[in-house]
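First comes the structure, then the notes that go with it.
The values are calculated or read from the model by the stated rules, or taken from the named source; none is laboratory data. None of the values given here were measured: they were computed from a predicted structure. For neighbour counting, all protein chains shown are included, and Cβ atoms are generated from backbone atoms with ideal geometry for every residue, glycine included. The protein model used for the area step is the full one, side chains on, heavy atoms only, and it has no ligands, DNA or RNA in it. Shrake-Rupley method; radii C 1.70, N 1.55, O 1.52, S 1.80 Å.
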Amino acid sequence: MSADKNILVTSPLIPPLEEFISYLQQIWDKKWITNNGSFHKEFEAALAEYLGVEYISVFTNGTLPLITALQALNIQGEVITTPYSFVATTHAIWWNGLKPVFVDIDPVTCNIDPDKIEEAITDKTTAIMPVHCYGNPCDTEKIKAIADKHGLKVIYDAAHVFGVTENGKSVIEAGDMSALSFHATKVYNTLEGGALVCHDADTKRYIDDLKNFGIHGETEVVAPGINSKMDEVRASYGLLNLKYVDAAIEARRKAAEYYREALRGVPGLRYFEDLPGVRHNYSYFPVFINAAEFGMTRDELYFKMKEYKVYGRRYFYPLISTFETYRNLPSAAPANLPVATRMADEVICLPMHHELTEEMLERVVRAVIMNSRK
Ligand code: T4K
């Protein structure tokens, strides 16, 4: 009985060590360890196929592709975004010397509310950076219509949608570019890593230059790029991990099914159902606590759960717009972001990963229910 064991919010997908060692052996033999090596090339091709996209560039993490996308598209002035995300989304805008403009979210998906985007557009707006939060696809059609009408670029923060499809199509095909994260805490990881998806060979070439200091060929530097190249060790690990990700997503789906069944009808507790036509990846399992109906506040529940050694996380609280760097922006005013403010105050992400056993799931549910009025 593992009653004393901590149940953490996530656990990384790690490939079998023996298989990884055989890949390492090949790297050791070749003595080619970074700068577009053979595993890097093989990994990009395998990823493109797995994700159903044509042009993808791998990076050292998920933040640098966001920063690089803004540079590759020469974005200026103001960028419309969501406050309900990991802080890297807004930091990427800030690192480019651009002004983030926060727009409220939709309570059904926790994604930017497309109906509120147009009122935030000014003559300085050049781009929109939405997030497919928790793996729920944004309303990409509506966002595209607004962007086309106003001549804006769209860069999706696609950190949470690895492998997610909508009506059979990869969600990361939407927009001008999409940035993925392969961090340890994600559905799929390369230790640290990320990628940028674009739509044509010339743009991919330019992105590949930008992630290599802007170097093109041997003697030319086409732009002030950064060093964000993935090394051979991580590329080989990523290649290997692709073999195991489908099984991991299936295990997550079963965990989500268990939670939904066990928590159905708990007063004051809400969770997402699968969206129609979407193949989800179950990257997170957020629940939202209405204190009056549930019987305690989100924070009370969060700390009570810890007493049962169940470690949820309050993703995404506090809102990005409340951090010191951003809180004085006019769009950061809580009155401008009522839905995001409420959701951030109500959310707990329950443990969600591919190794949760039925016994662990039961313990999580018990820790939640014991503290509700049910
Ligand atoms: N955009 C979005 C929407 C994102 O969510 C993220 C990252 C990014 C962009 C940026 O992508 P990257 O540059 O990171 O590739 C984590 C991650 O560091 C971050 O990648 C992630 N989002 C964010 C939502 O969460 P923390 O501070 O919560 O991580 P930490 O260290 O507290 O770990 C959480 C839990 O995971 C631990 O309780 C145990 C488990 N864990 C973690 C690690 C690192 C493990 O079991 N093994 C591990 O190796 O930020």
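Can you tell me how many residues within region 45-76 are under 19 Å from Gly225 (Cβ atoms) and without any contact (Cβ under 8 Å) to a residue 40 or more places away in the chain?
Going through region 45-76 one residue at a time, the tally reaches 1.
Note down all Cβ pairs under 8 Å where the first residue falls in region 252-266 and is closer than 19 Å to Val161 by Cα, the second is in a helix (DSSP H, G or I) and open to solvent by less than 60 Å² (accessible area, probe 1.4 Å), and they're at least six residues apart or on different chains.
Pairs found: Ala255/Leu361.
For region 199-220, which residues satisfy the criterion of being of a type in the set (D, E, K, R) and either in a helix (DSSP H, G or I) or at pLDDT below 95 (or both)? Write out each step before concluding.
Applying the first criterion (of a type in the set (D, E, K, R)) to region 199-220 yields 200, 202, 204-205, 208-209, 211, 218, 220.
Selection gives Asp202, Lys204, Arg205, Asp208, Asp209, Glu218.
How many residues does region 175-213 hold that are away from the ligand (no atom under 16 Å from the Cβ) and in contact (Cβ under 8 Å) with a residue 12 or more places away in the chain? So that I can check it myself, show each step before the final result.
Restricting attention to region 175-213, the residues satisfying the condition of being away from the ligand (no atom under 16 Å from the Cβ) are 176, 198-210, 212-213.
The next check asks that each one be in contact (Cβ under 8 Å) with a residue 12 or more places away in the chain; those that pass are 176, 198-201, 203-204, 206-210, 212-213.
Total satisfying the criteria: 14.
Each row is one residue, and each column tells you yes or no for (1) of a type in the set (A, V, I, L, M); (2) open to solvent by less than 60 Å² (accessible area, probe 1.4 Å); (3) at pLDDT below 95.
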residue	(1), (2), (3)
Asp299	no, yes, no
Phe303	no, no, no
Tyr311	no, no, no
Pro318	no, yes, no
Ala335	yes, no, no
Cys349	no, yes, no
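Residues of region 323-356 being among the polar types (S, T, N, Q) and without any contact (Cβ under 8 Å) to a residue 12 or more places away in the chain, which ones?
Matches in region 323-356: Asn328 only.
It is to be established whether one or more residues within region 153-163 are away from the ligand (no atom under 16 Å from the Cβ), at pLDDT 95 or above and in a loop (DSSP other than H, G, I, E, B).
no
So, Arg327, is that one open to solvent by 70 Å² or more (accessible area, probe 1.4 Å), at pLDDT 95 or above and closer than 30 Å to Ser170 by Cα or not? Before the answer, list the steps.
Numbers: open to solvent by 70 Å² or more (accessible area, probe 1.4 Å): yes; at pLDDT 95 or above: yes; closer than 30 Å to Ser170 by Cα: no.
No.
Just to be sure, is Gly77 over 19 Å from Asp202 (Cα atoms), of a type in the set (Gly, Ala, Ser) and within 16 Å of the ligand (Cβ to nearest atom)?
no
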